[in-house]
């Protein structure tokens with residue numbers, strides 16, 4: 001069970017990494033207009 | 001941000017977010033009173049709206065400040081001699097709120113950043129919560145966990161609680177702190193107090209398990225609570241966006257750039273601000289008209305639903321008027337600008353809607369007032385509960401206090417009324433019914449008598465053919481099926497096409513003639529009199545005239561026509577003499593009878609008051625099956641007002657329906673008034689409700705919706721009160737863990753908003769309609 005002493009801190013780091021990815025996604029505008037992406041295919045240009 | 005406020009002090013910038021107040025009659029408009037619209041950031045609850053108002057009103061020179069907590073918009077009336085916009089904007093900044101001028105790109109951009117920040121806060125809380133719960137799980141499911149492992153898990157949970165405390169929950173902490181500094185308390189205070197107390201107790205327990213606060217940690221409760229709360233806020237914001245959406249969509253509808261014709265005839269893209277009256281613009285299908293104008297070239301269909309209430313696409317030909325804010329549906333057209341910005345019908349509607357959404361319903365104002373004493377009571381109860389449980393264990397005592405603090409947030413109470421009103425106003429706006437003041441919904445729901453005016457209200461602007469006299473048809477029969485009648489009608493319609501006179505329009509509204517179109521030459525309109533032309537179908541050309549009797553007789557050998565035809569509105573003569581006379585009558589609105597039935601069903605008495613002659617009023621009253629005692633004819637406006645006062649003295653709550661112009665004093669005297677805004681400039685229609693379409697049924701629909709809204713409001717209030725009545729005792733007795741309290745609090749607000757959302761649906765689909773009929 002000693003591996004847990006490594007895995008638990010690692011899971012904390014992992015969550016922080018996931019949050020970093022999400023930060024990038026939100027602030028690059030991916031969630032600004034969720035319906036817009038679905039409508040885009042219907043537009044001509 | 002605050003340093004930029006100085007830019008707004010330039011009078012040239014004012015019109016971007018302000019209009020001169022209606023009372024401002026100064027020729028020099030840089031003086032006198034101005035009315036500004038701003039979007040306020042950092043407002044979360046009902047009491048914030050009060051704080052913002054207080055901060056604004058404390059600035060000398062600010063005459064009035066109204067804030068809508070639901071739309072985050074504030075309207076400020078200020079005197080240009082005494083104060084500059086930057087002064088009151090800075091006052092707001094010092095109070096801890098940022099404001100952005102509305103009707104501005106910045107407002108929309110700020111809105112986008114606000115949404116991203118909210119989403120990011122929520123995501124951080126969500127991911128950290130999930131992981132913290134993972135760390136909290138092992139001690140529950142396993143008994144042989146070592147002390148070392150337990151403390152490692154707690155450390156990990158503590159690390160991931162930090163971002164939640166210092167970032168996600170910062171909205172609550174900052175808001176509570178801001179209010180405390182001012183000696184004020186708001187709904188954020190119990191929340192902030194709750195999370196910080198539990199965090200500090202848990203941290204103390206983690207660092208010294210044998211210490212004063214015992215060895216229980218509540219990191220999972222804290223993160224879950226913050227996450228639920230942020231979810232509630234997020235949902236509330238999205239729902240508000242949807243309900244207020246139709247208002248916002250209308251307000252932000254005009255395009256920022258347009259295609260304008262250059263001197264060489266080519267079109268290039270310019271900013272809307274540069275366009276002037278008389279410019280020629282090109283509008284593509286799918287675009288929105290940026291200005292009122294006359295169609296020069298092209299033939300298209302437009303959608304004007306939000307402007308006129310007409311839901312069908314409307315055909316527009318050369319010479320027709322186009323409205324700013326309507327959609328071009330079919331073809332690329334060019335138009336000549338006739339009105340821009342402030343002077344368009346669109347701008348009048350937007351101003352009306354903005355003022356409406358700012359006025360607070362009485363019930364909402366009440367909720368705001370009781371919020372503060374309520375919070376004080378909550379703090380005292382929490383403290384007492386903690387003291388009571390202290391003997392058992394200090395750690396548990398703290399957590400009981402935290403539950404009490406969290407569970408009682410009166411958000412649901414303060415949201416109950418505005419959420420419902422806003423949803424209802426949005427629904428009405430989509431049907432082309434504008435409320436000057438959401439307060440009128442409350443009054444409308446109590447109305448038990450409706451007074452109608454006749455002309456322009458019960459009857460439409462359209463005319464209907466009543467008699468058609470010709471030399472062969474002296475009885476005036478309107479059987480138009482014979483070939484002779486068809487060719488006569490064809491001739492009249494060909495002439496009428498060249499005139500805009502209402503009677504010429506009436507001729508064209510008769511079903512179109514099937515006869516081959518006559519060949520007309522030298523067609524000429526004599527404004528206000530009629531149309532003359534030469535018919536060249538036959539060997540001998542005929543000099544035709546259509547129009548008023550005196551105009552037709554001028555160029556004719558014989559002046560004779562039968563006595564019965566002399567009062568007709570439209571005559572047709574050739575050079576020899578009389579050919580035909582058309583008699584038109586007013587048409588009752590097609591839905592008038594159905595509307596009366598619907599109103600009776602709603603339990604409303606119907607009255608008719610008209611300035612028209614007795615006979616014609618009684619015809620209409622008879623067709624509508626009105627009680628003869630409720631019909632008043634040949635009334636002057638003073639008579640009408642007198643009758644109205646009598647009704648009110650008899651204890652009736654009276655709604656008046658008029659054309660909004662001739663009936664002004666009567667409309668103002670009624671408890672609540674409807675105006676049909678078609679014929680009248682909106683800004684002058686001083687009525688509570690403006691109906692933009694032709695549907696009389698809108699009156700009944702609005703009253704039904706008002707009744708539904710008040711029902712929803714009372715359901716909301718009952719629910720919020722019941723929730724508190726059940727949960728507070730549970731929390732005081734320590735049966736409610738903090739996370740469950742947080743869930744309850746977030747849910748209670750979301751349920752109120754969701755339940756109110758039914759008012760945005762048509763009547764038959766709404767749950768409360770189903771509830772109350774079964």
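FYI, it's all coordinate maths here, none of it is from the lab. Here the structure is a predicted model, which is why all the values come from computation and not from measurement. FYI the Cβ positions are ideal-geometry reconstructions off the backbone, even for glycines, and counts take in every protein chain you see.
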Averaged over A:13-19, number of beta-carbon atoms from partner chains that fall within 10 Å: 4
Sorted by average packing, counted as other Cβ atoms within 10 angstrom per residue and highest first, what order do B:313-324, B:292-303, B:555-566 take? B:292-303, B:313-324, B:555-566
Pull out the extension gain between residue B:113 and residue B:296, defined as 0.36 nm times the separation in residues minus the alpha carbon to alpha carbon distance; nm, one decimal. 61.7 nm
Express in nm, to one decimal, how much length is gained between residue B:560 and residue B:733 on full extension, taking 0.36 nm for each residue of separation and deducting their alpha carbon distance. 52.3 nm
Under the definition of Cα pairs under 8 Å and six or more residues apart, what whole-number percent is the relative contact order of the stretch B:460-587? 28 percent
Put in order of increasing Cβ neighbours within 10 Å, starting from the fewest, B:727, B:48 give B:727, B:48
From fewest to most C-beta neighbours within 10 Å, the residues B:635, B:128 line up as B:635, B:128
Using label points projected 7 Å from each Cα along Cα→Cβ, tell me how many nm separate residue B:593 and residue B:180, to one decimal. 7.0 nm
Averaged over peptide B:159-165, how many Cβ atoms belonging to another chain are found within 10 Å of each residue's Cβ? 2
Which shape class applies to the stretch B:460-587: rounded if a/c is under 1.5, otherwise prolate when a/b exceeds b/c and oblate if not, where a ≥ b ≥ c are the square roots of the Cα gyration tensor eigenvalues? rounded
Checking rank on A:11-20, B:265-274, B:545-554, with mean other Cβ inside 10 Å and highest first, the result is B:545-554, A:11-20, B:265-274
Listed with the fewest Cβ neighbours within 10 Å leading, B:161, B:619, B:417, B:482 appear as B:482, B:619, B:161, B:417
Looks like the stretch B:116-244, by Cα gyration tensor root eigenvalues a ≥ b ≥ c and the a/c under 1.5 rounded cutoff (else prolate when a/b is bigger than b/c, oblate otherwise), is oblate
Separation in nanometres of the label points that stand 7 Å from Cα toward Cβ, at residue B:262 and residue B:479: 6.6 nm
